[in-house]
1. Please rank LYS171, LYS391, fewest neighbouring Cβ atoms within 10 Å first, as an exposure proxy.
2. Find out how many positive minus negative residues lie around TRP363, taking Lys and Arg as positive, Asp and Glu as negative, among other residues whose Cβ is under 14 Å from that of TRP363.
3. What does the charge count near GLU117 come to, summing +1 for each Lys or Arg and -1 for each Asp or Glu among other residues with Cβ under 14 Å from its Cβ?
4. Going by average Cβ neighbours within 10 Å, how do the peptides 52-62, 78-88 rank, with the highest at the top?
5. On a full-extension model of 0.36 nm per residue, what is the gain between ARG162 and GLU53, subtracting their alpha-carbon distance, rounded to one decimal in nm?
6. Tally Lys/Arg at +1 and Asp/Glu at -1 over every other residue whose Cβ is under 14 Å from the Cβ of HIS219; what's the total?
7. First check a/c for segment 301-378, with a ≥ b ≥ c the square roots of the eigenvalues of its C-alpha gyration tensor; if it is under 1.5, answer rounded, and if not, answer prolate when a/b is larger than b/c or oblate otherwise.
8. Lysine pairs in segment 214-391 8 or more apart or on different chains: how many have alpha carbons under 14 angstrom apart?
Amino acid sequence: MMEDLSLERRKGVDDSEASSARRDVEILRLHEVIFSTIDKPKLLSQLSALLSEVGLNIREAHVFSTTDGFCLDVFVVDGWEAEETDGLLQSLKETAARNHASLSNPTNSAASERILELQEKIGDSNFDRSLLQIKEKIASGSSGDLYRGTYHGVDVAIKFLRTEHVNDSSKVEFLQEIMILRSVNHENVVRFYGACTQQRKYLIVTEYMPGGNLYDFLHKQNNTLELPVILRIAIGISKGMDYLHQNNIIHRDLKTANLLIGSDQVVKIADFGVSRHPAQEGEMTAETGTYRWMAPEVINHKPYNHKADVFSFAVVLWELATSKVPYENLTPLQAALGVRQGMRLEIPSWVHPRLSKLIQQCWDANPHLRPSFSEITIELEDILRHVQVSKGAHRHSKAKIQKKSQR
């Protein structure tokens, strides 16, 4: 995990100012821990967990990234009472080595039992592999490949779990995605056709969405959207998320890359690999999702619920309104550190005032103050109604002016 690790002591009290009258006051020792490592997903989570495991409290965190993929992570911590740092350095190295050893062996009996349990529930009974025709590859992800194909003569997308990524944890994630997909049915959630889990290759078959994902549509194809289109897309996403939450499903990775565009610009929610039924999982504190869209309570490893999805939706709304990449001048890790310290994206003044207010409500630091998706849908539909009425009135007055000029 670490290419290099160094420590510096930062004094809690300046020695020159420590008078004899204050010698009885307890000095809080602060240390500066600097990690030099390769920038990668979940890095903040790993480093924060490492420091916490050693018994340190993080007071400040700063990230400096280079253009060649490296980063310097600086943490100011307390909790190590000794002035000397040799023991702290040794403790950090031993803990990091121990964690690395456990992570490099992903197979365990609990995961294996969970795989068998999920496979038994899913089965392949309703899926005829012989009717599946696989065509060209259309995308690649971190652990799988996506192909276009046909099933029963219908255009479909086929997601394969890549062989080199097949371990117990990836199998569990893949099987949990199948479990959720087969349990949902909504016009704004991607349709599930079937899956294969018993053979060597794991695959999921869903409907094919010809428009690709919303991230590419906005940021790679450089599309900008009119306000009524923004609102219709947002309403569709909100309705789909409301349906998921009503069925006790938290997506946990809501972002534009996981929103697919069909015909007539209908947008559907996809990629349920990290989604969960909270009732089955108990209290959730694991850092799950993508940094640029992640809620602060998730970044901070605090207990969270369905309101974490609402925060992510706020970032999606901001993207729809601005057509910009969130925190585009920051690395994902820098964005996460900023969000946990209260930083938010700047909403341009030309964004509709009610939409701007809704975005701010959705990314409120306090999850309890964020609206539910049913409330969000009502507000978005009302904004759309007012926009349409305003446009209609504008067209009507324009027609009157033209008629007068013809006289």
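1. On the way: LYS171 22, LYS391 12.
With the sparsest Cβ surroundings first, the list reads LYS391, LYS171.
2. Details: positive: LYS255, ARG292, LYS307, ARG340, ARG344, LYS357, ARG370; negative: GLU297, ASP309, GLU319, GLU346, ASP364.
Local net charge: +2.
3. That sum, taken over residues with Cβ under 14 Å, equals 0.
4. Working: 52-62: 15.4, 78-88: 13.7.
Output ranking for 52-62, 78-88: 52-62, 78-88.
5. Values: separation 109, 0.36 × 109 = 39.24 nm, distance 3.30 nm.
That works out to 35.9 nm of additional length.
6. Numbers: positive: LYS220, LYS255, ARG292, LYS324; negative: ASP216, GLU319, GLU328.
Surrounding charge for HIS219 is +1.
7. Values: a/c = 1.95, a/b = 1.03, b/c = 1.89.
Cα axes put segment 301-378 in the oblate bin.
8. Values: LYS220/LYS324; LYS239/LYS268; LYS255/LYS268; LYS255/LYS324.
Close lysine pairs under the 14 Å cut-off: 4.
Any read-out appearing in this document is the output of simple, stated calculations on the displayed coordinates, not a laboratory observation. This one's a predicted model, so the numbers in the text were calculated from it and none came from an experiment. Virtual Cβ from ideal backbone geometry, glycine too; neighbours counted across all protein chains shown.
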